[in-house]
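> Before we start, here is the structure in question, set down as structure tokens.
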Amino acid sequence: MNLQKEIESILKKSLGKMGMDGNVSVSFSNRPELCDYQSNSCFAMSKQLHKAPLELASEIVANIPANRKYDFSAEKPGFINVKVKDSYLAKKGDELLLDEMVGVEKHKKSKRIIMDYGGANVAKELHVGHLRSPIIGESLNRLHTLFGDNVTSDAHLGDWGLQMGLTIAQLMEDGVLDYYFKKKGKEPVITLDMLNEAYPKANKRKSVEPEFKEKAAEFTLRIQRKESPYYDAYKKIREVSVAQIKKNYEELNAHFDLFLGESDAEPYISKAIDIFKKKGLAHESEGALIVDVAREGENILSDKLDKDGKPYLLNPMPPVILKKSNGADVYATTDIATVLMRNKEKGVDEIIYVTDNRQGSHFERFFRACKLAGISPEKQKLTHIVFGTINGKDGKPFKTRSGETIKLADIINILIEKASEKLKSNGLKPSRELALQIGVGAMKFGDLSNTVAKDYIFDIDKFLSFEGKTGPYLQYTVARINSILAKTDCEGGAIKIYSEDERKIILAIMKLISAYQLCYDDNSLNMLCSATYELASAFSTFYNNHRILSEKNLNKKRAYISICKLVRRALVQALGVLAIDVPEKM
Ligand code: ARG
């Protein structure tokens, strides 16, 4: 439901009546005390149409036939102000209440999209750096789905890299894998704790023990060749790790249709490499197989010298590595093979990836390689959404007190604990589930309220506040409406505008409806967060100014109840897109 479009067409018709044509656009008013919508188009049109802006605005307004929907006025120096008539706004409110999508309309053309927003690495514990992909990705998935796109989400686990060889080399030395390697003892129970200990240890050793590093690289290669017993041990480790990863994602309310990993693209690696070879796109360089992706004009040696006296590159675009000199696959290899695998099914319009901003070059380069080889069809859009870093209050990347990276499981525990404290201080006895919903909701809303690309400060106390622009405030608003509705048998009736407060609510829903589209166009969510918050605060004003349950005038009471129901539906839908749970009570 889009009043803006309707107003635009009324203005355009009027212009037509005047024998003129122009681009009329309408936006929400930035002076809500004066009007609901405004058009600034007369300024731009005035030059073309050779009329002063105010004169043009007045003529357009004068040519609009009397109607039951809007009041128009021309204002100095050339605005057209629009106020929606109370009765029309109330009618729209009734329609919204009956509308399954609370005014959001599915797009005429549905896109087929694959979204890649997991990225957890097997054998390595998830940490703070893995937090934003599932948060942002899940919401974008839901936003696209709301508009009718056909989205498949894939966790795309990191399970084909050096960390596997490192972990196995370490566990082997610790004697944990004797069953596999020495054919001794019983099949071991590999625990998460073992993995959490083995990988960091091995990772440290890698930088100081070249022999260990070499061994790990060799093991990685053996795993990639599916050699026994390396591959068997690997499969076991993967299983343990994936169970934990699934649990973490579930707690974050991120859901994946596919839980595939880099390893699942393995059957497509040789096919992909053949394509590059056949098209003459791959060549050897220092033993490795590479694809040049720099374009004309890129990779130019500058005539300036760097501090070491070497000429530096003006626009360096390094090649994509398909195979390392030892024959091992790298990050780009599996990403390219995955694109080939994903295109097994025809008609994928877009593949969207959500990762941190340090991976820009990797994505740009392997996207180019896929396009050069035709592995991604020409028409297919490859989109990389990059997000900023989560910082601590000191403005530096969020770390533990001792300066280590914070594990995702620890963050979730902190959120539960803090939310629990908060709820207790409000006189509630929260279950773990409720604390999880509030804690995770708070963090998600804090995250999504920022522009995706921007760094933000992880300030959990601020995120958890029950007042202001926070997740808990929105959850609380819904819980409050639930409690009002639970206390009455009044069914609700036709909406009527009795005061400014109801107007503000319906207009806030109109803004919310536009925010979905703006976010869709922009692959962002911050505007949706703001619009949701504005609706909740419009409701709070209404709630504070009206005695809903004790209202004596039955028609009024019915209208109030309908307003409550409408706001609840609009908030629940928006929080659903943000993948924030809405507890029944709080
Ligand atoms: N596993 C990667 C990491 O931890 C993220 C994967 C993102 N997706 C992709 N298709 N490359 O950095």
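> Could you give the length gained on full extension between K204 and S9, defined as 0.36 nm per residue of separation minus the Cα-Cα distance, in nm?
Roughly 63.7 nm would be gained on extension.
> Let me ask something additional. Applying the Karplus parametrisation 6.51 cos²θ - 1.76 cosθ + 1.60 with θ = phi - 60° to the phi angles of the range 21-30, what ³J(HN,Hα) value in whole Hz is obtained for each residue in order, glycine and proline being reported as x?
Once rounded to whole Hz, the list reads 9, x, 8, 9, 10, 10, 10, 5, 5, 9.
> Mind giving me the FRET efficiency for A66 and K585? R0 is 60 Å, r the Cβ-Cβ distance, nearest 0.05 is fine. Walk me through the intermediate numbers first.
Details: r = 49 Å, r/R0 = 0.82.
E(calc), rounded to 0.05, equals 0.75.
> Also, quick follow-up: Treating cross-link reach as a plain straight distance, find the aspartates and glutamates whose alpha-carbon is under 18 Å from the alpha-carbon of K381, omitting any fewer than eight places away in the same chain.
D116, D149, D154, D335, E345, D349, E350, E364, D521, D522
> Quick one, can you get me the convex hull of the C-alpha atoms of the range 195-296 expressed as volume per residue in Å³?
Per-residue hull volume (Cα only) is 202 Å³.
> Could you pull the Rg and Dmax for the chain, using just the Cα atoms, both in Å?
Rg and Dmax of the chain, Cα atoms, are 29.0, 93 Å.
> Let me ask something additional. What is the Rg over Rh value, at two decimals, for the range 247-326, using alpha-carbon atoms and the Kirkwood definition of Rh?
Dividing the radius of gyration by the Kirkwood radius yields 1.18.
> Quick check on the range 28-107: what are the equivalent-ellipsoid semi-axes from the Cα gyration tensor, as sqrt(5λ), descending, whole Å?
29, 14, 12
> Expressed as a whole percent, how much of the Cα-Cα distance distribution for the range 362-458 exceeds 15 Å? Show your work: numbers first, answer last.
Values: 3353 of 4656 pairs.
Taking all Cα-Cα pairs of the range 362-458, the fraction more than 15 Å apart is 72 percent.
> Kirkwood Rh, Cα Rg: Rg to Rh for the range 444-586?
1.00
> Between the DSSP loop rule and a limit of at most 16 other Cβ atoms within 10 Å, which GluC sites (Glu not before Pro) in the range 460-538 are left?
Passing sites in the range 460-538 are E467, E491.
> Which GluC sites (Glu not before Pro) in the range 1-36 pass both tests, a DSSP loop state and at most 10 other beta-carbon atoms within 10 Å?
Counting only loop positions with at most 10 other Cβ atoms within 10 Å, the GluC sites (Glu not before Pro) in the range 1-36 are E33.
> What GluC sites (Glu not before Pro) does the range 329-394 have in DSSP loop regions with at most 15 other beta carbons within 10 Å? Spell out each step's value before the answer.
Numbers: sites: E345, E350, E364, E378; in loops: E345, E378.
Here the sparse-neighbourhood loop sites are E345, E378.
> Quantify how much of the Cα-Cα distance distribution of the range 410-514 extends past 17 Å, in percent.
In whole percent, the long-distance tail amounts to 64.
> Which residues in the range 66-86 place their backbone N less than 20 Å from a point set 7 Å from the Cα of L518 along the Cα-to-Cβ direction?
80-84, by backbone N distance to the label point.
> Moving on to the next point. Give me R295, R558, R401 sorted ascending by neighbouring Cβ count inside 10 Å, so fewest comes first.
The most exposed by this proxy come first: R401, R295, R558.
> Taking the Cα centre of the chain as the origin, how large is its charge dipole in debye, to the nearest 20, when only Lys and Arg (+1) and Asp and Glu (-1) carry charge on their Cβ atoms?
In total the dipole reaches around 960 debye.
> Could you list S562, S402, S465 so that the one with the fewest beta carbons within 10 Å of its beta carbon is first and the one with the most is last?
Final ranking by Cβ density, sparse to dense: S402, S465, S562.
> Send over the semi-axes of the range 1-146's equivalent ellipsoid, whole angstrom and largest first, taken as the square roots of 5 times the C-alpha gyration tensor eigenvalues. Don't skip to the end; give the middle numbers.
On the way: eigenvalues 368, 75, 44 Å².
Computed over the range 1-146, the values are 43, 19, 15 Å.
> Let me ask you something else. What's the long-distance tail for the range 519-573, i.e. % of Cα pairs beyond 17 Å? Write down the numbers at each step before the final one.
Working: 684 of 1485 pairs.
Percent of Cα pairs beyond 17 Å in the range 519-573: 46.
> Would you mind checking the pairs K504/K557; K393/K422; K215/K396 and listing those with alpha carbons more than 24 angstrom apart? Don't skip to the end; give the middle numbers.
Details: K504/K557 18 Å; K393/K422 20 Å; K215/K396 35 Å.
K215/K396, as the Cα separations exceed 24 Å there.
> Name the residues whose placed amide hydrogens come within less than 5 Å of the amide hydrogen of H127, ignoring near sequence neighbours (fewer than 5 apart) on the same chain.
Those lying under 5 Å, H to H, from H127 are L408.
> What shape does the range 105-259 have by the C-alpha gyration tensor, where a ≥ b ≥ c are the square roots of the eigenvalues, rounded means a/c under 1.5, and otherwise prolate means a/b greater than b/c and oblate the rest?
Since a/c reaches 1.5 and a/b is larger than b/c, the shape of the range 105-259 is classed as prolate.
> Going by a ≥ b ≥ c, the root eigenvalues of the Cα gyration tensor, does the range 160-247 fall in the rounded group (a/c under 1.5), the prolate group (a/b larger than b/c) or the oblate group?
Here the range 160-247 falls in the rounded category.
> Lysine pairs in the range 14-117 with alpha-carbon atoms under 15 Å apart, 8 or more places apart or on different chains: how many are there? Before the final figure, lay out each step's value.
Numbers: K51/K76; K69/K83; K69/K85; K69/K91; K69/K92; K83/K91; K83/K92.
For the range 14-117, qualifying lysine pairs total 7.
> Cα atoms only: what Rg and Dmax, in Å, come out for the range 258-402?
Both quantities, over Cα of the range 258-402: 17.9, 54 Å.
Only the coordinates and a few stated rules stand behind these numbers; no lab work does. What you see is a predicted model; the values in this text were computed from it and never measured. All Cβ positions, even for glycine, are placed from backbone atoms using ideal geometry, and neighbour counts span all protein chains on display.
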